[in-house]
Each structure stands twice: as C-alpha cells, then as structure tokens.
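Asks: Dumping the structure here so I can ask a few things about it.
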Amino acid sequence: MSLQELETQLRPIFLAALAGDAAAYRLFLDTISLRLRGYLRQMLARAGRTEASEAEDVLQETLLALHLSRHTYDAASPVTAWAHAIARYKLVDHLRRSGRHVGALPLEDEAHQLAGPPESAAVDARLDLARAMEALPERTRRLIDQVKLQGTSVADAATAAGMTETAAKVAIHRGLQAMAQFLSKRRKQP
Amino acid sequence: MQTDDLISLMSMDSRPVDTGWLRRTTWLSAFAALAATAGLVLLTLGTRPDLASAWTTLPVIAKAAFGASVAAIALVLFQNSLRPGLKPARRLPLVALPLLAAAGWALLTLAQAPAEQWHALIFGRYWRACLIAVPLYALLPLVVLLLLARRGAPVDSALTGACAGLASAGLATIAYSLHCPDDTAPFLATWYTIATAIMTALGALILPRFLRW
C-alpha cells in the first residue's frame, strides 16, 4: 500500500471521527495503530532496540497524544503526516529520555514508512501505562477495568461502575488526560 | 494495559472536535494582547505629545505597519507550528520581508542625507528607550502566546518559540509606536529590528522549556 492509498483510506474516516462518529474513530485508531506499530518497531530497531514491548510503550504514548491533540489537525493537510509527526515527536522524546542519543535516527524520516508492512501482532507493553493507571482515582480505575472486561459500551461500563453515562464519559476523558500527563511528567524526572 | 484496551477507551471518549479553535484563539489572543500592551504603554509612558497630529504621518504609520506585518506573518507560522505535520519552518524567511523593506527605506534615506546627519538619523533621541521598552512590553504578548502554545502540539518547540517571540515583538512595536517620538526610517530599521531579534532569540531559547508534552 502506498502512502497515497493509506491517506485516501484514512482521511474520510478521520474526518467522520472528528465530527463525532465513534465507530469511525475506532476504525481510524485500529488502522493507524497497525501502521504506527510497524513504523515504531522499524525505527527503534534502527536505533538498536529490538524489544517489541518497548515499541508498544511508545505506541501507547503516541496514541494518547493523538487522542488528546485531535484539535491540532488541520483539515486541509494529510492525516498521515499529522499522525507521523506526533509519533516521531514521541519516539525522539522516548530515545532522549532513555539515555540513547538520537543520532542513530535518520533526521528526516518521512511519513512513507507508515505505508510499510502493518504490524498487527500487539505485544504486552512494559509497565508504563500500568503505572500511569495507578495514578488515577479509584473510581476511574474501576471504570476503566469495566471497559476492559465489558467490551465497548460506555453505558454498560458506567452501570457496572455505578456511574451515569455522562459522568463515565467525563471520567474516561480525565483519566486519559491524567495518564498522558503522568507519562510526560515521568519524562522530566527520569 | 493492552493497546486494544486503550483504543476501546479512547473511542468511548469520541466527541465532535473543533479543529478551528486554535486558529480563532490565536487571532483573538493576539488582539487582546495588543490591546492590553497598548493600554500598558498609555498607562506607564503615555502617548507622544503630538500623537493627535502625528498619527496620520508616514513615520508613525510605518512603525505600526512594520510591527503589524511582522506580527501577522509570525502569528500564521506560530499557529501552524502548533499543528503536527505542517512544515511552517520553510516559510519562516517571509518574516524577513518587512525587515528588508525597512532596511531598504533606511538606506535610501541615508543615501539622500549628508553624512553628518547620519548619526542623528540612526540614533534619534531615545534609542535606548526603544531598545529596552519594546522587549519589555513584548513580554506580555509572549506570555499570552506561551499559554496558548501549551494547548497545541508543538513538535518543533524552538520554532514555536521563535515565532511567538517575533509576533510579540511585532505587537509591542505597534503599541510602542503610540509613544515613540523618533520618526526616522534608519531609527526604525535599526532599533526595532534589534528589539525584534532579541525577542525572537528569547522565545526560541526560553519557550521550549515550557512546551514539552
């Protein structure tokens, strides 16, 4: 698949997601995460890091950043370039933080790599996000556990956690913000 | 947590997203910061005594236009620099246009004047005041733009900082033109350009510390 084809496939889906279509958003996240996983594994391998769990960590951090930065997407620009730039920022940051200098990374890698072979096999991430979860309030954590068990309906998870659906949505949003914040704070004090 | 769980969680948080917010807020904050800075200049220094008659003259308009064009170009790039995937760095040289226009006008003025007047034309009466006041007043819009930048996703924070510095210097130039009594083109091209360069460097060096995400 060429980058152009990927863009043609993803753009309408992402625009629908920005309009509030949850199913389209899910499809976008599923598709882009396969591409980003391939990209991150490839780039980390070039930097001499071959552990798949490390790529999964950076992928999760990138997905959180994509989610919380949706308002920065410029509707006139390619969505692949937007996603790639965010992944690249998180990757460079990860390498810097973990003490390897970024020299091994090609400075001008382009979004083409997103069009490389998709990596579907998710592996267990290391502990980063699990630790971020521990920093959340108890109620939010229970809610998120419900989401993991019950599948995809907010309503079911909300009932099981003893919340209204609106409160559950707000809690999920705050929870995601808190996790992203936890990950970037940890970065400042390695 | 598995990546799939994270994706489920994020798709539950799906809601309509306003991608125009950053653009609108950038312009609104810039206007608000300009009004506040102008108010601060009036409050602390007051207008130049002859503003009522001078504000329609070419030098005063030129100072404001110089500041406005630097600020407008820098604000467009600043706003773009908060959106990953755009490459506003390529258009950064555009900011040189108003600076070069001012420099050209200054050289023309000097060429037409006798050499013994050059010193007065360049240094004017209050060059130190300009060099101190413009960067000082520019701190207000700079802080406003910094707070705004934290709401975006700057992938090149030095560029974002430089654009914020440029824009804040441009806005402070407009505000300070209400007070600045020196009206020659060489004065404008020298001291306002140096003040702009100071703010650009300051923005590029300091802001990245506050822009990690």
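Values quoted throughout were computed directly from the atomic coordinates according to the rules given, and no laboratory measurement underlies them. Everything numeric here is computed off the predicted structure, so don't read it as measured data. Positions of Cβ are generated from backbone atoms using ideal geometry, with glycine treated the same way; all protein chains shown enter the neighbour counts.
Asks: Suppose we keep just the alpha-carbon trace of the protein assembly as shown; what are its Rg and Dmax in angstrom?
Replies: Gyration radius and largest Cα-Cα distance of the protein assembly as shown: 25.4, 87 Å.
Asks: Could you tally up the Lys pairs in the protein assembly as shown with alpha carbons closer than 29 Å? Skip any pair fewer than 8 positions apart unless they're on separate chains.
Replies: Number of lysine pairs found: 10.
Asks: Counting other Cβ atoms within 10 Å, keep those with at most 14, restrict to DSSP loop, and tell me which chymotrypsin sites (Phe, Trp or Tyr not before Pro) in region B:31-114 are left.
Replies: B:W55
Asks: Using only Cα positions of region B:64-126, each an equal point scatterer, no hydration layer, compute I(q)/I(0) via Debye at q = 0.20, 0.22, 0.29 Å⁻¹ and quote the log10 values to two decimals.
Replies: Debye curve over Cα of region B:64-126, log10 I(q)/I(0) at q = 0.20, 0.22, 0.29 Å⁻¹: -0.81, -0.89, -1.15.
Asks: Going 7 Å from the Cα of B:L100 in the Cα-to-Cβ direction, what parts of region B:168-193 have a backbone nitrogen less than 18 Å from that spot?
Replies: Once the point is set 7 Å along Cα→Cβ of B:L100, B:189-190, B:193 turn out to lie under 18 Å by backbone N, inside region B:168-193.
Asks: Let me ask something additional. Relative contact order for region A:1-126: what percent, with Cα pairs under 8 Å and sequence separation of 6 or more?
Replies: Working: 123 pairs, mean separation 50.2, N = 126.
Relative contact order of region A:1-126: 40 percent.
Asks: Angle between the Cα long axis of helix B:21-44 and the longest principal axis of chain B, 0 to 90 degrees, nearest 10?
Replies: Approximately 40 degrees, to the nearest ten.
Asks: Relative contact order, percent, of chain B when contacts are C-alpha pairs under 8 Å separated by at least 6 residues? Numbers along the way, then the final one.
Replies: On the way: 284 pairs, mean separation 70.5, N = 213.
About 33 percent, as a whole number.
Asks: B:A32 to B:I61: extension gain in nm, 0.36 nm per residue of separation minus the Cα-Cα distance?
Replies: Contour length minus the Cα-Cα distance gives 8.4 nm.
Asks: Given the Cα-Cα distance of A:S2 and A:A16 and 0.36 nm per residue of separation, how much length would full extension add, in nm?
Replies: Difference between extended and current length: 2.8 nm.
Asks: Note the angle between two axes, namely the Cα long axis of helix B:193-206 and the longest principal axis of the Cα atoms of chain B, as a number of degrees from 0 to 90, rounded to the nearest 10.
Replies: Tilt relative to chain B: about 20 degrees.
Asks: Taking a ≥ b ≥ c as the square roots of the Cα gyration tensor eigenvalues, with a/c under 1.5 meaning rounded and otherwise prolate when a/b beats b/c, else oblate, which class fits region B:64-213? Don't jump to the answer; show the numbers that get you there.
Replies: Working: a/c = 2.92, a/b = 1.99, b/c = 1.46.
Because a/c hits 1.5 or more and a/b exceeds b/c, region B:64-213 counts as prolate.
Asks: Follow-up. Under the definition of partner shielding as Cβ atoms of other protein chains within 10 Å of a residue Cβ, what is the mean value for peptide B:73-86? The partial results should precede the final answer.
Replies: Numbers: counts 0, 0, 0, 0, 0, 0, 1, 2, 0, 4, 8, 16, 15, 8.
That average works out to 4.
Asks: Using helices alone, what [θ] at 222 nm do you get for chain A, with -39,500 (n - 2.57) per DSSP H run of 4 or more residues, divided over all residues and rounded to the nearest 500?
Replies: -22500 deg cm²/dmol
Asks: Another one. Could you tell me how many degrees, from 0 to 90 and to the nearest 10, lie between the Cα long axis of helix B:127-149 and the main elongation axis, the longest principal axis, of the Cα atoms of chain B?
Replies: Computed tilt is about 10 degrees.
Asks: Also, quick follow-up: Give me the one-decimal nm value for the distance between modelled label points at A:R174 and B:W118, 7 Å along each residue's Cα-to-Cβ direction.
Replies: Between A:R174 and B:W118, the simple spin-label model gives 6.7 nm.
Asks: Quick check on chain A: take the gyration tensor over C-alpha atoms, sort the square-rooted eigenvalues as a ≥ b ≥ c, and tell me if it's rounded (a/c under 1.5), prolate or oblate.
Replies: Oblate, because a/c is 1.5 or more while a/b does not exceed b/c.
Asks: Another question, then. Under the Karplus relation 6.51 cos²θ - 1.76 cosθ + 1.60, θ = phi - 60°, what is the ordered set of whole-Hz ³J(HN,Hα) values for region B:169-178, x standing for Gly and Pro?
Replies: 5, x, 5, 5, 5, 4, 5, 6, 5, 5
Asks: Here's a follow-up. Taking chain B as a Gaussian network, where each spring joins two C-alpha atoms under 10 Å apart, which residue of B:P154, B:P93, B:P16 fluctuates the most?
Replies: B:P16
Asks: Which of A:L63, A:L18, A:L114 moves most in a GNM of chain A, Cα contacts under 10 Å?
Replies: Most flexible of the set in this elastic network: A:L18.
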